[in-house]
Amino acid sequence: MSALLLPSEILSMSAQAAQLLVESGDGDCALLYLALLECGGDAGRATQRLRWPEERLSPAWGRLAALGLAQPRPDAQPAPPPKADDRPPEYSRGEIAAALEREPLFQGLCREMENRLGRVFTDHDLRCLYTMYDHLGLGAEVILLLTSWAVGRERRQKNSPAAFPRMPQIQREAFKWKRLGIDTLERAEDYLRRQEAVDGREWAVLQAVGVTERRPAVEKEREFIAAWVDMGISDELIRLAYERTVYQKKAMNWPYMNKILQSWHASGYRTTAQVEAGDRPPKRGRPPQAQPRDFQPSQERIQKNADWLDKFLAEQKKGEG
């Protein structure tokens with residue numbers, strides 16, 4: 001155990017970086033940051049050290065960059081188009097029927113999904129569900145958690161307590177979860193906690209950036225909003241960044257505004273007053289007055305004063321005589 005404390009084996013992390021990582025609640029971000037520290041900031045070595053698939057590495061790097069803890073990934077490449085073999089299998093009606101007969105867990109999942117979505121599943125619905133269960137390998141608990149969240153999102157977006165998402169929508173979200181590495185109950189719960197925080201702030205942030213007609217955020221907008229929520233940025237600070245963005249760019253520009261907020265967050269600004277104080281030039285005060293130096297008279301001056309004093313005393317004595 002003592003070997004872990006050797007000076008040559010210690011990695012240094014700022015308290016601000018640790019706070020950002022803890023507040024983000026993102027384990028992959030923290031692991032990636034530690035890998036970068038261990039490799040001296042070398043992106044190539046860090047990615048080799050982790051050996052993560054691209055679908056896990058890319059989102060983690062994007063979130064770390066959004067927190068201001070890493071530069072955009074230098075070797076980022078656009079995701080290759082899916083190959084024909086990567087497409088989900090076309091399950092036949094017989095395969096689905098056999099799965100319902102042989103796999104009690106899938107049978108129970110099917111009944112519970114029908115209850116949650118308020119309808120009897122069609123053949124197409126069953127294929128979508130079996131794709132998530134068999135092809136993506138998501139557990140029943142993860143699929144049910146995803147479905148509950150998708151139902152809530154659909155009702156918020158349509159402002160209707162009776163709205164339900166279609167199975168193809170849920171399947172698309174399941175593919176997204178798989179790409180992000182959200183394939184366990186623990187990761188799903190952590191992801192949904194962050195999504196709930198974004199849901200609670202989404203409309204307020206859209207209003208702060210000039211959106212007047214109520215609508216859900218598009219995917220790219222939501223990515224920025226999620227990063228700002230992770231950083232704990234207030235609505236008033238978002239509004240100030242929006243005003244400065246429009247002043248500089250003459251229109252709303254999400255990436256430009258994101259850089260402003262990242263800069264303020266890195267500087268520790270949490271309120272508009274702190275931003276405005278930080279932007280002011282330092283006040284011009286009076287030049288500092290020179291401090292009095294200790295006076296050390298020379299030996300010659302000391303002797304001269306002594307001679308004058310002796311003469312003065314002698315004359316005083318003579319006058320008295």
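Values for this structure:
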| read-out | value |
| --- | --- |
| Exposure of E213 as accessible area (Å², to 10), given a probe of 1.4 Å and all protein chains | 140 Å² |
| Relative contact order of the range 174-241, defined on C-alpha pairs under 8 angstrom at six or more residues apart (%) | 34 percent |
| Surface accessible to a 1.4 Å probe, V120 within the full protein complex, Å² | 120 Å² |
| Length gained when the stretch D183-V120 is fully extended (0.36 nm per residue, less Cα-Cα span) | 20.0 nm |
| Surface per residue (accessible, 1.4 Å probe) for the range 112-163, Å² | 48 Å² |
| Accessible surface ranking that places the most exposed of R194, R45, R119 first, with a 1.4 angstrom probe | R45, R119, R194 |
| At 1.306 mPa s and 10 °C, Stokes D of the range 91-189 from Kirkwood alpha-carbon radius, µm² per second | 116 µm²/s |
| Extension gain from A98 to V246, taking 0.36 nm per residue of separation minus the Cα-Cα distance | 47.4 nm |
| Calculated FRET value between W254 and E90, using beta carbons and R₀ = 35 Å, to 0.05 | 0.35 |
| Protein accessible area in the range 139-292, 1.4 Å probe - carbon and sulfur % | 50 percent |
| Ranked order, H265, H124, H135 - accessible area, probe 1.4 Å, largest first | H124, H135, H265 |
| Probe 1.4 Å, accessible area per residue of the range 181-282, Å² | 55 Å² |
| Extension gain, Q71 back to Q157 (0.36 nm per residue minus Cα-Cα distance, nm) | 27.5 nm |
| Rough spin-label spacing in nm, given labels placed 7 Å along Cα→Cβ, for A18 and E54 | 3.7 nm |
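The values are calculated or read from the model by the stated rules, or taken from the named source; none is laboratory data. Quantities reported herein were computed from a predicted structural model and do not represent experimental measurements. We place every Cβ from the backbone using ideal geometry, glycine too, and count neighbours over all the protein chains shown. The accessibility values were calculated without ligands, DNA or RNA, using every heavy atom of the protein model including side chains. Shrake-Rupley method; radii C 1.70, N 1.55, O 1.52, S 1.80 Å.
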